[in-house]
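Let me begin by presenting the structure, written as structure tokens, before commenting on it.
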Ligand code: ADP
């Protein structure tokens, strides 16, 4: 049935390609950060461009799973070393996300509430990848490309080429996208027995610095590698958590393609998470209503500029600097602004941010946890978004913020460098600083307060940003060209 549908599709669209995306996250099924947003959007836009995009991901125990209906499309059995397991591939019945969504169910390993953070993550994601390749090898046709995302799917290109039982898949082109090179999935060599038997002469294709490194293996074995912005690709050659030499060596097959934003989900004029929608014409009153809601909820002062931070509370995002940024801004600039922080991550940072609630004079609050609805309200109601990131492969927050008329304060790095232009430059709109240090960020906060008081310039920056095009359309075309180049 499935095969018939594909044949019909290909007859009707002779130039269409079938692309299988493999990822640990996909919005709205399961999302921990930008990876989820991208894998939820890119296939949809590929589909709109006339291609057949599918996503396969682990079956976690999520609300989305329980709220939707599924068909079991494949059952198989394989092994992770000496652990033999059955797996089932289920497909969402109605393609409600705009593409075929497939989940891999492996009893006991994947069906958990959280995506990551378990002691047996190495087993979980290796078993997931083996099940995906095993399923793929049972297909009666071949997809035009397998597109793997981040280290959780990084062993797949290796398995397709060098595992004896799957090497009939070796001629299928593979693309690896690196959303974040900080996390590489390192495993000791004792875990090499997890993998299906492979050509021992190819051991080097798994290895980096004496360990099995799924991200490095993906970079070595994939036909093409993409990173989520051009500047990030350049930075990886001198700062990539140990993979610098590999990025330099493989630069010929690497290309930077900037992420887009999903205009259906992130549109202030029809955002299902906010009550007071607004457009460019109604931005002033629309934002004021959303700000009022935020200020009322969090006990903040509506009349002062509102700075927000939304993201993982980890060193990469320079979240450890937030307490000092808030403290020094209050001390040196004066209590002329509000700060509201949404995030979760390192317990130490969470504790320090929570502790600061006691010092608030109606100008500081934080919400520790993950809250999709609140994040939308914050993009809509804030005046400024803080992103002092030490590393930012692409960064979606700044693009969402700009779409919602919120001025971003960003460090000049990775995708932030490619998307935000300082207001001091011709046609500039954001505030850009050089270093992830408290002084630089406070200086930007001070500049932002000045901008807030210069209504004409502030309004101009706001409306200008809202019209910038960060849509997926042009990026999707770059992915399509890349897949075509591999056929
Ligand atoms: P990363 O993937 O490195 O975390 P990105 O900027 O690419 O960073 O994407 C972050 C995404 O995760 C955005 O959609 C942001 O709104 C969302 N996000 C991060 N933390 C939270 C949170 N605590 N609550 C709600 N959304 C969050």
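Read-outs throughout are calculated quantities, based only on the coordinates presented, and are distinct from any laboratory measurement. Being a predicted model, the structure only gives us computed values, none of them experimental. In this analysis, Cβ positions are derived from the backbone assuming ideal geometry, glycine residues included, and neighbour counts consider all displayed protein chains.
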Taking 277-285, 311-319 and ranking on average Cβ neighbours within 10 Å, highest first, one gets 311-319, 277-285
Most packed first (mean Cβ within 10 Å per residue), the peptides 286-293, 250-257 order as 286-293, 250-257
Burial-style ranking of 300-310, 89-99, 142-152, average other-beta-carbon count within 10 Å with highest first, yields 142-152, 300-310, 89-99
Expressed as a whole-number percentage, the relative contact order of the chain with C-alpha contacts under 8 angstrom and at least six residues apart is 12 percent
Computed over the chain: longest principal axis from alpha-carbon atoms vs helix 34-48 long axis, angle to nearest 10 degrees, is 70 degrees
Mean separation of Cα contacts under 8 Å (at least 6 apart) over the residue count of the range 27-98, i.e. the relative contact order in percent, is 26 percent
Compactness summary of the range 175-238: radius of gyration and Dmax from Cα atoms, Å, are 12.9, 38
Using alpha-carbon coordinates alone, the radius of gyration and Dmax of the range 305-346 in Å work out to 10.7, 29
Measuring from the longest principal axis of the C-alpha atoms of the chain, the long axis of helix 455-466 (C-alpha) lies at a number of degrees, nearest 10, equal to 10 degrees
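Divide by every residue of the chain the summed helix terms, -39500 (n - 2.57) for each DSSP H run of at least 4, and state the resulting mean residue ellipticity at 222 nm, rounded to the nearest 500 deg cm²/dmol.
-10500 deg cm²/dmol
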Using eta = 0.890 mPa s and T = 25 °C, Stokes-Einstein with Kirkwood Rh from Cα pairs puts D for the range 264-371, in µm² s⁻¹, at 164 µm²/s
A correct Stokes-Einstein calculation for the range 283-466, using the alpha-carbon Kirkwood radius, 20 °C and 1.002 mPa s, returns a whole-number D in µm² s⁻¹ of 134 µm²/s
Computed over all unlike Cα pairs, the Kirkwood hydrodynamic radius of the chain in Å stands at 23.5 Å
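Report, please, the projected area of the range 51-117 averaged over directions, based on the convex hull of its C-alpha atoms, in nm².
That works out to 5.5 nm², a quarter of the Cα hull's surface.
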At R0 = 45 Å the Cβ-Cβ FRET efficiency linking residue 487 and residue 331, nearest 0.05, sits at 0.15
The helix 2-12 Cα axis meets the longest alpha-carbon principal axis of the chain at an angle in degrees, between 0 and 90 and rounded to 10, of 70 degrees
